[in-house]
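First comes the structure, then the notes that go with it.
The values are calculated or read from the model by the stated rules, or taken from the named source; none is laboratory data. Keep in mind that what you see is a predicted model, and the values were worked out from it rather than measured. Counting neighbours? That spans all protein chains shown, and the Cβs are built from the backbone with ideal geometry, glycine included.
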Amino acid sequence: MSEAQELISIVAHDLRNPLGCVEGYSEILASRQLSPAEREKILARIRSCCRFMESTIGDILDSTALERGDLPMHAGPVGLFEVLKQVVDAMEHTASSRQVQLILAPFSGKDVVIADAGRIRQAVQNLVSNAIQHVKTGTGRVGIRLHDANPDLIVEVTDNGEGISPEHQAKIFDKFFRAGPERARGNVGLGLYVAERVVSQHGGKIWVRSDGPGKGASFYFTIAKFDPERAYTDFKTRRGCATPPPRQLEAPLAVLASTKRARGLLFPLALALVAAAALFFHRSSADFDGLMASAGPLRCAVADKK
């Protein structure tokens, strides 16, 4: 009950500000004659407030589903670097509105993983959003990088912001944790918790490094690269079968030999069937012609009577 009351208090506090902004900007739109540029600027701020509220509500719903153990996952082959690009595209407006540089480092290695693309995107976006919140306007930088640490890939999100003290680093992924008033601003305390749970459900690990307050922070998480042979072996192991991968299967020589003999008999058998069919139709045609010849006068006689 105390946790529910805390959640209600946090959500009420953190949703009040964006709701007030939406109301204020809406009144400006309704009461003033604005240029197209001014109008678009206000609309962009309204959309930003709505996205923040949507993200907050989504984190609350997802955290509840995670507690129940029924957060839906739809795993499939995913290009991880493409997911990072999608996050940058989605967060570009938020970063630029705070004059924060958002930089994605290039990557040219193999980046296919088996994952729920939407959930991994959510985890990365939560990390990026957290970084943007805790850097200074105008001088803030947030970098995203993908590392190949075979057999895993490592996603890194680094900022040059407030940093995290050692005592807070151990609790940073706890539910509702907010490190002081500065880090608490505009933060329900669920984004990093949800990111940690999503990464964990994908079999990965997540951690944070910071040299302390004022020295920035770096978040990392791992996810296994897709290995077809290893995936096949794992699948057979789960089924309790020791069958090797398909490319290693070899048919016994005896089976191959019997198959070749069977193929060798198919051609003469086909010829015999064709010959039998030809003889049958030849005899049937001759019998039919004889029958028609004998029936010819009868048909004529009947016709004459008519």
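Out of Glu6, Glu23, Glu38, report the one residue that is surrounded by fewer than 14 Cβ atoms within 10 Å (Cβ to Cβ), at pLDDT 80 or above and either out of contact with any Lys or Arg (no Cβ under 9 Å at 6 or more places or on another chain) or not in a helix (DSSP H, G or I) (or both). Break it down stepwise before answering.
Working: Glu6 fails: at pLDDT 80 or above; Glu38 fails: either out of contact with any Lys or Arg (no Cβ under 9 Å at 6 or more places or on another chain) or not in a helix (DSSP H, G or I) (or both).
Selected residue: Glu23, the only one of Glu6, Glu23, Glu38 that is surrounded by fewer than 14 Cβ atoms within 10 Å (Cβ to Cβ), at pLDDT 80 or above and either out of contact with any Lys or Arg (no Cβ under 9 Å at 6 or more places or on another chain) or not in a helix (DSSP H, G or I) (or both).
Considering only segment 81-104, how many residues are assigned to a helix (DSSP H, G or I) and under 22 Å from the mean Cα position of the chain (by Cα)?
In the first step, residues of segment 81-104 are kept if they are assigned to a helix (DSSP H, G or I); the result is 81-97.
This time we only want the ones that are under 22 Å from the mean Cα position of the chain (by Cα), so: 81-92.
The qualifying residues number 12.
Determine if segment 105-112 includes at least one residue that is on the phi < 0 side of the Ramachandran plot, buried (at least 21 other Cβ atoms within 10 Å of the Cβ) and outside the structural domain of Met53 (by TED's automatic domain parsing).
Of segment 105-112, the ones on the phi < 0 side of the Ramachandran plot are 105-112.
Those left that are additionally buried (at least 21 other Cβ atoms within 10 Å of the Cβ): none.
Scanning segment 105-112 turns up no residue that is on the phi < 0 side of the Ramachandran plot, buried (at least 21 other Cβ atoms within 10 Å of the Cβ) and outside the structural domain of Met53 (by TED's automatic domain parsing).
Looking at (1) charged (D, E, K, R); (2) surrounded by 15 or more Cβ atoms within 10 Å (Cβ to Cβ); (3) modelled with pLDDT of 90 or more, can you tell me which one Lys136 breaks?
(2) is the only condition that Lys136 fails.
State all residues of segment 119-137 that are out of contact with any helix residue (DSSP H, G or I) (no Cβ under 9 Å at 6 or more places or on another chain) and among the hydroxyl-bearing types (Ser, Thr, Tyr); if no residue qualifies, say none. Reasoning before the result, please.
At the first step, the residues of segment 119-137 found to be out of contact with any helix residue (DSSP H, G or I) (no Cβ under 9 Å at 6 or more places or on another chain) are 131, 135-137.
Matches in segment 119-137: Thr137 only.
Select from segment 59-80 the residues that are part of a strand (DSSP E or B) and touching a residue at least 40 places away in the same chain (Cβ under 8 Å) and write down the one among them that is surrounded by the most Cβ atoms within 10 Å (Cβ to Cβ). Explain how you work it out, then say what you get.
Our first condition is that a residue be part of a strand (DSSP E or B); within segment 59-80, this holds for 76-79.
Of the ones still in play, those that are also touching a residue at least 40 places away in the same chain (Cβ under 8 Å) are 76-78.
Numbers: Gly76: 9, Pro77: 10, Val78: 20.
If we take residues in segment 59-80 being part of a strand (DSSP E or B) and touching a residue at least 40 places away in the same chain (Cβ under 8 Å), then Val78 is surrounded by the most Cβ atoms within 10 Å (Cβ to Cβ).
Considering every residue within segment 127-142, establish whether at least one is farther than 26 Å from Leu15 by Cα and in a strand (DSSP E or B). If you could, list the steps in order and put the result at the bottom.
Within segment 127-142, the first condition is being farther than 26 Å from Leu15 by Cα, and the residues that meet it are 139, 141.
Keeping just the survivors that are in a strand (DSSP E or B) gives 141.
Yes.
With at pLDDT 90 or above, of a type in the set (Ser, Thr, Tyr) and closer than 23 Å to Thr64 by Cβ as the only criterion, which of Ser218, Ser200, Ser210 stands out?
Numbers: Ser218 fails: closer than 23 Å to Thr64 by Cβ; Ser210 fails: closer than 23 Å to Thr64 by Cβ.
Sole residue among the options that is at pLDDT 90 or above, of a type in the set (Ser, Thr, Tyr) and closer than 23 Å to Thr64 by Cβ: Ser200.
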